[in-house]
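Following: one structure in structure tokens, then a few remarks.
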Amino acid sequence: MLEQEIGVLKSRIWESNGTNVADAPFAAEVDRLISVFYDDIGELKVISMRSLFDLFVIKTLYVERGGRDAGVIDYLGEMLTRYLFTRELFPIAHGSRPAMMYLSDLLEETRRPGSVHFQNLFEAYRKFADNSLFIVGVFPQSLRRTRRAGRGLAAFIDRGYFTTNGKTYYRLASQHDLAEATQQRETLEKLSAYFDIYSEALQEMSERYVMGLDMNLIADKMLDSFNLYRRTGEQRYLENARKYAALLKIDQGRFPALYKRRIRPVILEGPPGTGGGA
């Protein structure tokens with residue numbers, strides 16, 4: 001159900017491509033769907049990663065920044081799925097030596113694009129531009145670590161470096177003949193021209209939904225669950241409230257009602273044959 005409702009939002013964006021239709025009801029629907037995803041924290045939601053990333057991009061780029069291009073939203077959702085929903089993000093053992101993290105490979109690859117071979121320049125340009133946008137938008141903290149630890153040229157590879165690379169490679173990709181054949185010319189032109197806006201939207205999305213959580217929403221969910229427990233006495237609501245509190249790292253001493261232990265009645269039995277308790 002959640003996936004279908006996200007699909008409806010995307011259809012509306014495509015139907016009005018070039019015009020932003022994120023009015024108050026549209027924005028409220030986006031917030032509702034994000035809230036639904038956080039409901040019942042102990043329950044596994046069945047939703048494709050692509051639909052989830054589409055929803056987060058719609059929230060941060062279309063609703064909050066007034067984006068108008070359906071092609072860009074679709075492109076970013078696909079790119080995030082390709083980069084984040086992959087085993088390559090995790091170390092894989094090769095014999096006795098663990099492989100480097102995929103992010104490190106991206107950093108190295110984007111620094112030295114001439115050392116990598118592709119079937120055509122269009123593919124290469126898009127890959128290097130996507131690498132730069134992903135690094136700057138989703139993992140900007142990696143650039144701070146690189147700058148602190150680097151020596152020589154590596155010390156000067158920062159956000160500005162990848163921003164320039166991203167804009168340049170998206171522009172070159174948009175000028176390639178295959179950009180027209182794949183119907184991506186306009187999308188790639190906009191990714192180049194508005195790279196800063198898109199990277200900022202992805203950074204906010206990463207902090208709130210990918211690398212972190214929407215703590216304001218989590219706090220609301222915690223209080224809602226606790227209030228439901230107080231009204232109904234159902235233990236599952238209290239357990240949910242505790243799980244949300246754990247995500248917020250709430251000090252138990254500052255919210256003792258959440259962690260009050262239930263007092264179990266103690267039955268004192270008399271000696272055998274006396275027929276009962278004290």
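The values are calculated or read from the model by the stated rules, or taken from the named source; none is laboratory data. All figures in this text were calculated on a predicted structure; none of them were measured in a lab. So basically every Cβ, Gly included, is an ideal-geometry build from the backbone, and we count neighbours across all protein chains shown.
Residues in the range 68-91 that are among the acidic types (Asp, Glu) and either assigned to a helix (DSSP H, G or I) or at pLDDT below 60 (or both) were compared, and the one that is nearest to Val138 (Cα to Cα) is Glu78.
For the range 160-177, the set of residues classified as closer than 16 Å to Tyr75 by Cα and in contact (Cβ under 8 Å) with a residue 24 or more places away in the chain consists of Gly166, Lys167, Tyr169, Tyr170, Ala173, listed by residue number.
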